[in-house]
Structures are given as structure tokens and as C-alpha cells.
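Down below is the structure, laid out as C-alpha cells.
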Amino acid sequence: MPEATAPDDGDGVRIDLISGGRMEGLTSMEKIRLILDSVRDGDIVVLEAGLSPEEESKLIEVTMTEISPDDFSGIEIETYPSTQQPNQGLVGRLLGKEEAAKKLTVIGPANQIETLHKDEDLISALVSRK
């Protein structure tokens, strides 16, 4: 599938809203590369389905290896809701089965996105231009 591109007129912040369906067929590393490539370009990425805890850890690990003082300052990541669904049954937890929790993840360049407030049903962020 070709990437959608928008003209970069330098007047604003681009936000990529990525559906769960698009991420569904990708490997963990393909997801991480898709996210980091966008964020390195200064874009904000919003994932409809979020990432697994393992994928979030790997994203942070890969990000740490790519940070450079003059080029890339890292990422800011917030997920809603951030806790596991409390209604998962005991048997499911014992067998290691995770219920597909609905969650939304916002990822952006650390020097452009600042989380102002986060609670159980709201993420409020300030996004600035470079």
C-alpha cells in the first residue's frame, strides 16, 4: 500500500491517525519502524489499537539507540487506557491469554509534545512546532 503524503508547507503539525487494521498485518519491528520514521519527521502518530506492552518496550529500546543531540531527541508516548481490563477471568490470566483491550496511543517527538494531563478517560497534550 503506498504511503499517503501531504505537502509539507512548514505551517503546522502533521498528525497520522493509524487504524488498527493497518497495524494488524505488520510485525512488531515493522510497526516500530513505521512509528519512528513518522516521529523522526516531526509527525505525531495516533494508533487506534495501541501497542502490546512488549512492543512499547521495544519501541522505547529502539528509540534510545537512535537519539542524537542535534537530530532526534526521542519520543513522548501516552496510552489510554493504560491499565489491563479488570474483568479478565482468572483462567485467562493463568493461561496467559490477553483480552483485546481497546486503547489509543499517542506518540510524538519529545521536543514537540508535552503531556499536560492524563486520567482514566482523557489525555491532554500540548503540541508545538519545531
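The values are calculated or read from the model by the stated rules, or taken from the named source; none is laboratory data. No experiment lies behind these values; they were computed from the predicted model shown. Every residue, glycine among them, receives a Cβ derived from its backbone with ideal geometry; neighbour counts consider all protein chains shown. The protein model used for the area step is the full one, side chains on, heavy atoms only, and it has no ligands, DNA or RNA in it. Shrake-Rupley method; radii C 1.70, N 1.55, O 1.52, S 1.80 Å.
Would you pick out the residues in the range 18-50 that are of a type in the set (V, I, T) and either open to solvent by 70 Å² or more (accessible area, probe 1.4 Å) or over 24 Å from N111 (Cα atoms) (or both)? Before the answer, list the steps.
Of the residues in the range 18-50, the ones of a type in the set (V, I, T) are 18, 27, 32, 35, 39, 44-46.
The one that is of a type in the set (V, I, T) and either open to solvent by 70 Å² or more (accessible area, probe 1.4 Å) or over 24 Å from N111 (Cα atoms) (or both): T27.
Among all positions in the range 51-59, there is no residue which is in contact with a Ser or Thr (Cβ under 9 Å, 6 or more places away or on another chain), among the acidic types (D, E), modelled with pLDDT under 90 and exposed (fewer than 15 other Cβ atoms within 10 Å of the Cβ). Taken over the range 51-69, the residue count meeting the criterion of being in contact with a helix residue (DSSP H, G or I) (Cβ under 9 Å, 6 or more places away or on another chain) and under 17 Å from L104 (Cα atoms) is 5. Across the range 60-110, the qualifying residues are those that are assigned to a helix (DSSP H, G or I) and open to solvent by less than 60 Å² (accessible area, probe 1.4 Å), and the one among them that is modelled with the lowest pLDDT is G92.
Restrict the check to the range 1-17 and report whether at least one residue is modelled with pLDDT of 90 or more, in a helix (DSSP H, G or I) and surrounded by 13 or more Cβ atoms within 10 Å (Cβ to Cβ). No, every residue in the range 1-17 fails to be modelled with pLDDT of 90 or more, in a helix (DSSP H, G or I) and surrounded by 13 or more Cβ atoms within 10 Å (Cβ to Cβ).
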